[in-house]
Amino acid sequence: MTTYNIAIDGPAGAGKSTIARKAAEKLGFIYVDTGAMYRAMALYLLRKGIDRNDEKAIEAACREMEISLQYCDNVQQVLLNGENVSGLIRTEEVSSMTSSISVYGPVRRKLLELQRELARTRNVIMDGRDIGTCVLPDAQTKIYLTASSHVRALRRFKELEEKGQMCNLEEIEQDIIERDYRDMHRDIAPLKQAADALVIDSSQMTIGQVVEAILEAAGKRGLEDKG
């Protein structure tokens, strides 16, 4: 069976997870949140007190942890050594650690085969930083989803406010800018637009408009032929 894969890449806060999840629901695809897998690894390192700059210790820790996915009603659950950590990986501390450790080869290799195996066996929408360029270079549809750093920071600010968390908009935007730089300049699988990706700037678009743009792009790239 030939599967259909949609790869969505883009910087932090562009709305990749929300958009990909809603598009997957409309298509009946599996949504693979690769960022959540990296976040689970970051959570493990934080729990162990491992320095984000200690590559040897991080490599050793990769051999101790097992990351797996389960799906309940097509909703992804992330398991860390058998523990469902889906509700524990969305803190700013975990986000910062995730951005730091994702530059390391052992971290990326740990998850790459799991991600590719899912795409080989299921119709998936997968989002991350290097999906269209490295993880799924043969994906039928590739999207590069972006937005201005200010818009992304404002979205995150509102999200944290709604949760009752104290936050500073300028600090959030500065953190986003720094994460963008790290993601785009890392030696292994840097964040960049795939040559055949459709660029969507969501700064002035609603979630629904972005989802429809992705579905339209997939339709033009053979999805309708799958029936």
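Every number in this text was worked out from the coordinates using simple rules, so none of it is lab data. In this text the structure is predicted, and so the values were computed from the model without any measurement. Positions of Cβ are generated from backbone atoms using ideal geometry, with glycine treated the same way; all protein chains shown enter the neighbour counts.
Determine the percent antiparallel among the DSSP beta bridges restricted to the chain, to the nearest 5.
30
Label Arg109 and Leu154 with points 7 Å out from Cα along Cα→Cβ: what is the distance between them in nm?
Rounded to a tenth, the inter-label distance reads 4.4 nm.
Residue by residue, what Karplus-based ³J(HN,Hα) values in Hz, rounded to whole numbers, does region 100-110 have, using 6.51, -1.76 and 1.60 with θ = phi - 60° and x for Gly and Pro?
Whole-Hz 3J(HN,Hα) from phi for region 100-110: 6, 7, 5, 7, 8, x, x, 5, 5, 5, 4.
Where the only charges are on Cβ atoms (+1 Lys, Arg; -1 Asp, Glu), what is the dipole of the chain about its Cα centre, to the nearest 20 debye?
So the dipole magnitude of the chain works out to roughly 400 debye.
At 25 °C and a viscosity of 0.890 mPa s, what translational diffusion coefficient does Stokes-Einstein give for region 10-142, taking Rh as the Kirkwood radius over Cα pairs? Give it in µm²/s as a whole number.
D, rounded to a whole number, is 162 µm²/s.
Is it possible to state the helix-based mean residue ellipticity at 222 nm for the chain, with each DSSP H run of 4+ residues giving -39500 (n - 2.57), the sum divided by total residues, to the nearest 500 deg cm²/dmol? What is it?
-15000 deg cm²/dmol
What ranking do Val199, Val75 get, fewest neighbouring Cβ atoms within 10 angstrom at the top?
Val199, Val75
Quick one: which residues, 5 or more positions from Arg186 or on another chain, have an amide H under 5 Å from its amide H? H modelled 1.01 Å from N in the peptide plane, none for Pro or chain starts.
HN-HN under 5 Å from Arg186: Leu191.
What translational D, rounded to a whole number of µm²/s, comes out for the chain from Stokes-Einstein when the hydrodynamic radius is the Kirkwood one over Cα pairs, at 25 °C and 0.890 mPa s?
Estimated diffusion coefficient is 137 µm²/s.
Among Lys142/Lys163; Lys48/Lys163; Lys22/Lys163; Lys22/Lys220; Lys56/Lys142, which pairs are too far apart, with a Cα-Cα distance over 29 Å?
With Cα atoms farther than 29 Å apart: Lys142/Lys163; Lys56/Lys142.
Based on other C-beta atoms within 10 Å, arrange Phe29, Phe157 from fewest to most.
Listed from fewest to most nearby Cβ atoms, that is Phe157, Phe29.
Collect residues whose amide H, placed 1.01 Å from N in the peptide plane, falls under 5 Å from the amide H of Leu145; neighbours closer than 5 in sequence don't count.
For Leu145, the qualifying residues are Asp9, Gly10, Ile200.
Which is the longest part of the chain that has none of the GluC sites (Glu not before Pro) sitting in a DSSP loop with at most 15 other Cβ atoms within 10 Å?
67-227
At most 11 other Cβ atoms within 10 Å plus a DSSP loop assignment makes a site exposed; report the longest stretch of the chain without any exposed trypsin sites (Lys or Arg not before Pro).
Counting only loop sites that pass the neighbour cut-off, the longest clear stretch is 64-162.
Please give the contour-minus-distance gain from Ala57 to Cys167: 0.36 nm per residue of separation, less the Cα-Cα distance, rounded to one decimal in nm.
36.4 nm
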